[in-house]
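Notes for the one structure printed next.
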């Protein structure tokens, strides 16, 4: 996987809007955690962090909640260093 420079996500309002839209979840707890995290940190996210966030958004609501609440750790396609790093930030938010 190639991660481009930081400006790619931050300079494209369509990408930022898409990420915010995908962060809206059916499970209210996920919705609140993800939206608050984006409110506080969106403008400073690197493209690697955006990739990690996107990978987490591909999970089901219940699987995502288990990861955010540290009931489980990432497995399979999301068991990547940058996903673990972002999860640590989400867990502290």
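Any read-out appearing in this document is the output of simple, stated calculations on the displayed coordinates, not a laboratory observation. All values reported here derive from a predicted model rather than from experimental measurement. Neighbour counts are summed over all protein chains in view; Cβ atoms, including those assigned to glycine, are modelled from backbone coordinates with ideal geometry.
Are any residues in the stretch 21-35 surrounded by fewer than 14 Cβ atoms within 10 Å (Cβ to Cβ) and without any contact (Cβ under 8 Å) to a residue 24 or more places away in the chain, and if so, which ones?
Once the filter is applied, which keeps residues that are surrounded by fewer than 14 Cβ atoms within 10 Å (Cβ to Cβ) and without any contact (Cβ under 8 Å) to a residue 24 or more places away in the chain, the stretch 21-35 yields 21, 24, 28, 32.
Could you please find all residues in the stretch 36-90 being surrounded by 15 or more Cβ atoms within 10 Å (Cβ to Cβ), within 10 Å of the chain's Cα centre (by Cα) and outside any helix (DSSP H, G or I)?
Result: 45, single match.
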